[in-house]
Structures are given as C-alpha cells and as structure tokens.
Amino acid sequence: MIFLARRQRIEEAGLNALQTQRQLFYDGWLLRVSPGKAKRARSVNAHFGSTLPVAVKIAHCEALYARHGLPALFRITPFVRPPDLEAALAERGYASFEQTLVLATPL
C-alpha cells in the first residue's frame, strides 16, 4: 500500500510540475487544452473520482477538445478513474499509443 501511495504522489507531482494556463476540472477529471507537442498539456487526466456516467464524460471531453481544435487524448495510468475507462474508450474506437515510462529511485 505504501508503494502505491508513492506512485500516486509521483503522478500528482508530474501533473503539478507542468504549468499550463489552459486547464479545467470536469467532475474530477483534469482537462488540459494547451496546444503544442507535449501531450500532458493537451490531454484528459482521469486521476480523480467522479459522479457522472463515463459515456457522458467522454462525450463532453470530445466536444471540448474539438472546440479547441485538438484531438481528444486520454492519459491512462494505474490510477485512472473509473478503473474501466480504457475499456470504455476502446468501445468508442480509441486505441493505445506511445507508452510513457516513469522511473523512480530512493535518494
């Protein structure tokens, strides 16, 4: 359990480290809509709990990103909420690409 908590803190630190002026929360999901190459700055981060049905949330995100002229990108991490988000995205035709690895060591 301690290891999992550390991994969550690393993920949160990564989210906090990136400065972007264009972000908002939508029912527990962090939506970043900054143009550019960094996908972390222009993707959905479903890191926090929520209350709305996942299909409603995905549709909202797709519309928001379309309005900003960006593709809807969803970051899938071990902490994604809801845990079946990846399966829900696959049902809508989304496919995984470009895996990112985060490495950590005690100092």
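Counting every pair of alpha carbons in segment 54-107, the share spaced more than 19 Å apart comes to 37 percent.
Computed on the Cα trace of segment 21-75, the radius of gyration divided by the Kirkwood hydrodynamic radius gives Rg/Rh = 0.93. Other residues whose C-beta falls under 14 angstrom from the C-beta of Ala5 contribute a net charge of +1, scoring Lys and Arg +1 and Asp and Glu -1. Electrostatic tally near Leu89: other residues with Cβ closer than 14 Å to its Cβ, Lys and Arg +1, Asp and Glu -1, net 0. Taken one residue at a time, the phi angles of segment 99-106 give Karplus couplings (6.51, -1.76, 1.60, θ = phi - 60°) of 5, 10, 10, 10, 10, 9, 8, x Hz. Gly and Pro are set to x.
Computing P(r) over Cα pairs in 10 Å bins from 0, in percent directly from the structure and comparing it against (1) 13, 47, 33, 6, 0; (2) 16, 56, 28, 1; (3) 15, 39, 25, 13, 6, 2, 0 singles out (1). A full extension of the chain between His68 and Asp27 corresponds to an added length of 12.8 nm, given 0.36 nm per residue minus the alpha carbon distance.
Computed with a 1.4 Å probe over protein heavy atoms only, the accessible area of Ser50 comes to about 50 Å².
For the chain, the solvent-accessible area of protein heavy atoms averages 68 Å² per residue (probe radius 1.4 Å; ligands and nucleic acids excluded). The accessible surface of the chain, taken with every protein chain in place and a 1.4 Å probe, is 57 percent carbon and sulfur.
The values are calculated or read from the model by the stated rules, or taken from the named source; none is laboratory data. The shown structure was predicted, so the numbers you read here are calculated from the model rather than taken from an experiment. Because the Cβ atoms are built from the backbone with ideal geometry, glycine has one as well, and the counts that use them run over all protein chains shown. Each accessible area value is taken on the protein alone, full model and side chains, heavy atoms only, with ligands, DNA and RNA left out. Shrake-Rupley method; radii C 1.70, N 1.55, O 1.52, S 1.80 Å.
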